[in-house]
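The values are calculated or read from the model by the stated rules, or taken from the named source; none is laboratory data. Quantities reported herein were computed from a predicted structural model and do not represent experimental measurements. Here the Cβ positions follow ideal geometry from the backbone for every residue, glycine too, while neighbour counts run over all protein chains shown.
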Amino acid sequence: MIEWTDLRGSLHNHTTWSDGHHPIEDVAAYAIEIGCDYWAITDHSKSSFQAHGLDAARLREQIKAVAAHNQKLADSGEEFRLLAGSEVDILKERLDFDNDLLAELDVVVASLHVAGSDEADNTNRLIRAALNPYVHMLGHLTGRLLLEREAYKVNQQAVIDACAETGTWIELNANPYRFDMDWRLWFYAKSKGVKCVINCDAHRNEHAGFLRLGAGIARKGWLEKADVINALPLKELKKALQLKRNRVK
Ligand SMILES: [Zn+2]
Ligand SMILES: [Zn+2]
């Protein structure tokens, strides 16, 4: 079964560029200190204006900042790497960024932040995101916030089926107020060959500790190390991040 110590990093995290509390350099230093191999920077996209989402120009600036910091790390002999990414909003008809920009990113998490009351519509939005060749994973599938907000109405089985067909991963959001997707569905997802990514959706460095909680929830879903993408070492992860994109080439 998956152990939290198998996890090499988190693929969904925020910095001061959007609503996180630490700048990129501090996030990297902390991830190195706790022994991670990589850490993705996936700040919000522009439609999440309440979370200071980045527009295309800012995101391109951030991609450069991440590359510059990685160069510094490489020059100092450090093997840890940041990955440039986005938590891109799933809007009504499209994603918040065009495919040409998504293609410039190492990691793309697509999340529904504002859902409607219609189950079919919410489900179709998630399925359309899964069909996008540049979307690696769907973030917090139902938006559930424990003690605060019910899950959006979503046909999760239909979304899992679409992820299976398209090679899209599903996040297990390890924030203890989310634990989304619900652990009872992982058994089905695994049976369809859908991979899990245990992400801490860190807004502060100490949220890295959520990875341990996430691995515990993944165990309730009977997940093993081979089912979890961020148990891969950096080199293998980079290959896995190309799989879906190679299909459209
Ligand atoms: Zn989110
Ligand atoms: Zn997030």
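Would you check which residues across region 205-235 are closer than 18 Å to Glu79 by Cβ and within 17 Å of the chain's Cα centre (by Cα) and list them?
Correct list: Asn230, Ala231, Leu232, Pro233, Leu234.
In this structure, does Gln62 turn out to be within 16 Å of ligand 1 (Cβ to nearest atom) and farther than 16 Å from Asn205 by Cα?
Spelling it out, it is not the case that Gln62 is within 16 Å of ligand 1 (Cβ to nearest atom) and farther than 16 Å from Asn205 by Cα.
So how many residues does region 122-154 have that are within 16 Å of ligand 1 (Cβ to nearest atom), in contact (Cβ under 8 Å) with a residue 24 or more places away in the chain and surrounded by fewer than 20 Cβ atoms within 10 Å (Cβ to Cβ)?
Counting residues in region 122-154 that are within 16 Å of ligand 1 (Cβ to nearest atom), in contact (Cβ under 8 Å) with a residue 24 or more places away in the chain and surrounded by fewer than 20 Cβ atoms within 10 Å (Cβ to Cβ) gives 5.
Filter region 1-22 down to the residues that are away from ligand 2 (no atom under 16 Å from the Cβ) and of a type outside the set (A, V, I, L, M, F, W, C), then identify the one that is surrounded by the most Cβ atoms within 10 Å (Cβ to Cβ).
Residue satisfying both the conditions and the ranking: Arg8.
Residue check, Ala56 against (1) in contact with a Phe, Trp or Tyr (Cβ under 7 Å, 6 or more places away or on another chain); (2) more than 16 Å from ligand 1 (Cβ to nearest atom); (3) within 21 Å of Lys238 (Cβ to Cβ), all met but one. Which one?
The failed condition is (3).
Output the residue which, of all residues in region 175-221 that are at negative phi, in a loop (DSSP other than H, G, I, E, B) and away from ligand 2 (no atom under 16 Å from the Cβ), is surrounded by the most Cβ atoms within 10 Å (Cβ to Cβ).
Step by step, filter region 175-221, then rank; the result is Val194.
Answer yes or no as to whether Glu25 is more than 15 Å from ligand 2 (Cβ to nearest atom), in a loop (DSSP other than H, G, I, E, B) and touching a residue at least 12 places away in the same chain (Cβ under 8 Å).
It is false that Glu25 is more than 15 Å from ligand 2 (Cβ to nearest atom), in a loop (DSSP other than H, G, I, E, B) and touching a residue at least 12 places away in the same chain (Cβ under 8 Å).
Can you name every residue in region 82-97 that is more than 16 Å from ligand 1 (Cβ to nearest atom) and either within 19 Å of Thr166 (Cβ to Cβ) or within 16 Å of the chain's Cα centre (by Cα) (or both)?
Leu82, Leu83, Ala84, Glu93, Arg94 - these are the residues of region 82-97 that are more than 16 Å from ligand 1 (Cβ to nearest atom) and either within 19 Å of Thr166 (Cβ to Cβ) or within 16 Å of the chain's Cα centre (by Cα) (or both).
Filtering region 23-53 down to residues that are among the charged types (D, E, K, R) and within 16 Å of ligand 1 (Cβ to nearest atom), which residue is surrounded by the fewest Cβ atoms within 10 Å (Cβ to Cβ)?
Out of the qualifying residues, it is Lys46.
Please find, within region 155-174, the residue that is nearest to ligand 2 (Cβ to nearest atom) out of those that are more than 18 Å from Leu243 (Cβ to Cβ) and either in contact (Cβ under 8 Å) with a residue 40 or more places away in the chain or in a strand (DSSP E or B) (or both).
Residue satisfying both the conditions and the ranking: Asn173.
Checking the structure you have, find out if any residue of region 53-72 is within 17 Å of the chain's Cα centre (by Cα) and without any contact (Cβ under 8 Å) to a residue 40 or more places away in the chain.
yes
Which one of these is within 16 Å of ligand 1 (Cβ to nearest atom), within 29 Å of Leu234 (Cβ to Cβ) and at pLDDT 95 or above: Glu165, Glu206, Glu171?
It is Glu171.
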